[in-house]
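The values are calculated or read from the model by the stated rules, or taken from the named source; none is laboratory data. All values reported here derive from a predicted model rather than from experimental measurement. Every residue, glycine as well, gets a Cβ built from its backbone with ideal geometry; the counts of neighbours run over all protein chains shown.
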Ligand code: OGA
Ligand code: MN
């Protein structure tokens, strides 16, 4: 077929990453608006693979917002100081290890396994992260397949968690590091919330373990000691490398992930002083059930 009559969607290639989840998208020009068929194909790929790696040239905040909107409604994130000037839906995430010790707390906390926004009543369905500057080495972002983790859990553990709710908050003493301070308005916006430990994905119907080392404080209706040991057991199970995929960044990459069925973390092992700068958007989710 001559190139000129190939549609946008015909050019799109969805290449599985090979580890049981994740796909690389090729043939997408993010500088032009995506047509209906392309948007539908990308949404299908997002649901089928949970993690999409989309390479391309660095995007402006407006292009980032429009690209992100393919996967859902883009919503502003809680922390105001990260928002990009005139475009509150796009944040600038600087995870540079600063030589003067002023490294952003979000960057440090991202080293532990988490799912974004679980301290919200309606957590983000997905996150889009787009690399503008990356350090010369390190800084791999890791993803954990929580469909796979849930499916592989021993039945005895499934019986202990099925139907259970958990308390998530902006911070918990269980987390290794403290989060960025909130303003009074931001505190008012983020009371503790309850979410099921096992959630059913609203679009695929598949079950996933829904936990977060940074925000999940305790399992409702359990003594603290029992809750702590069960949570430790769940995190130890999810730590198995067979559930993981690591993304090594190239400038211009956009990575889209599904927070309903993946956890993620970053290796904070890159050289201090080398800029690590990303644009970030969050996609409106639905109440976990
Ligand atoms: C995030 C996050 C990890 C990274 O943006 O939510 O956890 O690699 N980022 O910067
Ligand atoms: Mn995160």
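Can you tell me which residue within segment 95-106, out of those that are touching a residue at least 12 places away in the same chain (Cβ under 8 Å) and more than 10 Å from ligand 2 (Cβ to nearest atom), is surrounded by the fewest Cβ atoms within 10 Å (Cβ to Cβ)?
99
Run down 138, 126 and say which single residue is modelled with pLDDT of 95 or more, within 16 Å of ligand 2 (Cβ to nearest atom) and under 26 Å from residue 275 (Cα atoms).
126
Tell me, which residue of segment 1-22 that is part of a loop (DSSP other than H, G, I, E, B) and at pLDDT 90 or above is surrounded by the fewest Cβ atoms within 10 Å (Cβ to Cβ)?
Looking at residues that are part of a loop (DSSP other than H, G, I, E, B) and at pLDDT 90 or above, I get 18.
Which of the residues belonging to segment 207-232 are within 25 Å of residue 21 (Cβ to Cβ) and surrounded by fewer than 16 Cβ atoms within 10 Å (Cβ to Cβ)?
Passing the criteria: only 232.
Can you spot a residue in segment 143-165 that is out of contact with any helix residue (DSSP H, G or I) (no Cβ under 6 Å at 6 or more places or on another chain), buried (at least 18 other Cβ atoms within 10 Å of the Cβ), touching a residue at least 40 places away in the same chain (Cβ under 8 Å) and under 27 Å from residue 61 (Cα atoms)?
There is at least one residue in segment 143-165 that is out of contact with any helix residue (DSSP H, G or I) (no Cβ under 6 Å at 6 or more places or on another chain), buried (at least 18 other Cβ atoms within 10 Å of the Cβ), touching a residue at least 40 places away in the same chain (Cβ under 8 Å) and under 27 Å from residue 61 (Cα atoms).
Would a scan of segment 67-87 turn up a residue that is touching a strand residue (DSSP E or B) at 6+ places or on another chain (Cβ under 6 Å), over 30 Å from residue 148 (Cα atoms), modelled with pLDDT of 95 or more and not in a loop (DSSP other than H, G, I, E, B)?
No, segment 67-87 has no match at all.
I'd like the full set of residues that are within 8 Å of ligand 2 (Cβ to nearest atom), within 19 Å of residue 234 (Cβ to Cβ) and surrounded by fewer than 23 Cβ atoms within 10 Å (Cβ to Cβ), limited to segment 110-123.
114
Does residue 182 satisfy the condition of being modelled with pLDDT under 95 and either in a loop (DSSP other than H, G, I, E, B) or under 18 Å from residue 114 (Cβ atoms) (or both)?
So residue 182 fits the description; yes.
Residues in segment 201-217 that are more than 18 Å from residue 72 (Cβ to Cβ) and in a strand (DSSP E or B): how many?
4
Which residues, counting only those in segment 23-59, are out of contact with any helix residue (DSSP H, G or I) (no Cβ under 6 Å at 6 or more places or on another chain), surrounded by fewer than 20 Cβ atoms within 10 Å (Cβ to Cβ), more than 20 Å from residue 250 (Cβ to Cβ) and free of Cβ contacts under 8 Å to residues at least 40 places away in the same chain?
32, 33, 36, 39, 40, 43, 44, 48
Scan segment 274-287 and report the pairs whose first residue is farther than 17 Å from residue 71 by Cα and whose second residue is within 12 Å of ligand 2 (Cβ to nearest atom) and outside any loop (DSSP other than H, G, I, E, B), with Cβ atoms within less than 8 Å and a gap of 6+ or a chain change.
Listed by first residue and then by second, the contacts come to 276/107; 277/93; 278/93; 278/129.
Condition check: on the phi < 0 side of the Ramachandran plot and free of Cβ contacts under 8 Å to residues at least 24 places away in the same chain. Does residue 125 satisfy that?
No: the conditions fail for residue 125.
Just to check your reading of the model, which residue among 178, 260 is closer than 22 Å to residue 79 by Cβ, touching a residue at least 60 places away in the same chain (Cβ under 8 Å), touching a helix residue (DSSP H, G or I) at 6+ places or on another chain (Cβ under 9 Å) and crowded, with 20+ Cβ neighbours inside 10 Å?
260
Rundown of residues vs (1) surrounded by 12 or more Cβ atoms within 10 Å (Cβ to Cβ); (2) touching a strand residue (DSSP E or B) at 6+ places or on another chain (Cβ under 6 Å), yes/no style:
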site	(1), (2)
168	yes, yes
183	yes, no
205	no, no
238	yes, yes
245	yes, yes
270	yes, no
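Which count do you get for residues in segment 234-289 that are outside any strand (DSSP E or B), over 11 Å from the mean Cα position of the chain (by Cα) and within 15 Å of ligand 2 (Cβ to nearest atom)?
Here the count works out to 5.
Mind telling me which of the residues 64, 93, 43 ends up being within 16 Å of ligand 1 (Cβ to nearest atom), in a helix (DSSP H, G or I) and under 28 Å from residue 16 (Cα atoms)?
On inspection, the qualifying residue turns out to be 64.
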